[in-house]
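The values are calculated or read from the model by the stated rules, or taken from the named source; none is laboratory data. All figures in this text were calculated on a predicted structure; none of them were measured in a lab. As a convention, Cβ positions derive from the backbone with ideal geometry for all residues, glycine included, and neighbour counts pool all protein chains shown.
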Amino acid sequence: MSIAPGSQNGFDNSGRYGSIKWTQGNSVDHTIQVLNKIRDDYASHPAVAAIQLVNEPMGPSLDMNTVRQFYMDGWGNLRDSDVAVTFHDAFQGVTSWGDWGAGMWNLLLDTHHYEIFDMGMIAQSPDAHIGIACDFGNQMASTGKWTIAGEWTGGMTDCAKWLNGKDKGARYDGTFEGSSWIGDCAGKYSGTVATLSDADKSNIGRFIEAQLDAYERANGWIFWTWKTEGAPEWDMRDLLANGLFPQPLTARKHPGQCG
């Protein structure tokens, strides 16, 4: 579930930008009721492999006891369905969930790995970005649970139009509040993969392949996203068409980056 009543994270993808009020009133109970409806309508459909309880709850701003209880209750209602009951790491880090959920089955830990929403991360070199992704894959593989990277991107910048919110700017070019200039967003704010520089194409291709290697050390990945309105670092269809995303997936141009 991407949008929970009151907003579970304060991101625009929750339907409400700013305040986080998901745990107020009966909103958590309401979320459980909606999940039960989703279970009843869709869990038996052959195309449905997993149901995520809620997308990206902002653990640092929530009572994690409430979040964990919600996960327990949601799993309890879905556990007998033939789907993987999926829960996000709530920005606690994948390794923090290793001891949680003992005795539970059909349980899938989802983590979203981006290296662009923090000035320290976004300032890293392409080689450093690759190293961070490889290390993260090792963390995923150490959880003792089914674990996937349920969102990730080829982007090493936050230049894509409105990525940080409508008219919020980008950290990479210093237009986002509180940021400082690192590089130029030309061609990355809006455009196509074909018009990127040769250096950008090479670096994005290397980064994508390293992440494939990293996340496949655990239980796999889901790329964000298939098609965009002109965000070349994020557009899988365009990346495939220009040879930056390997097809078939085993046709690597940059093998062995994670050792």
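Here are a few things to note about the model shown:
- Entry remark, the stretch 96-117: residues being within 21 Å of the chain's Cα centre (by Cα) and small (Gly, Ala, Ser) number 2 in total.
- Just one of (1) among the basic types (Lys, Arg); (2) within 20 Å of the chain's Cα centre (by Cα); (3) crowded, with 16+ Cβ neighbours inside 10 Å fails for Lys201. It is (2).
- Restricting the stretch 168-184 to residues that are under 22 Å from the mean Cα position of the chain (by Cα) and not small (Gly, Ala, Ser), the residue that is surrounded by the most Cβ atoms within 10 Å (Cβ to Cβ): Arg171
- Of all residues in the stretch 203-243, those being in contact with a Lys or Arg (Cβ under 9 Å, 6 or more places away or on another chain), within 15 Å of Ile148 (Cα to Cα) and among the polar types (S, T, N, Q) number 1.
- Boolean, Ile182 is within 30 Å of Ala84 (Cβ to Cβ) and assigned by TED's automatic domain parsing to the domain that holds Trp146: no
- Options Trp234, Trp226: the member that is surrounded by fewer than 18 Cβ atoms within 10 Å (Cβ to Cβ), in a loop (DSSP other than H, G, I, E, B) and among the aromatic types (Phe, Trp, Tyr): Trp226
- Across the stretch 69-95, the number of residues qualifying as in a loop (DSSP other than H, G, I, E, B) and under 23 Å from the mean Cα position of the chain (by Cα) comes to 6.
- Qualifying residue in the stretch 154-167 (condition: in a strand (DSSP E or B), surrounded by 14 or more Cβ atoms within 10 Å (Cβ to Cβ) and either touching a strand residue (DSSP E or B) at 6+ places or on another chain (Cβ under 9 Å) or assigned by TED's automatic domain parsing to the domain that holds Ala231 (or both)): no
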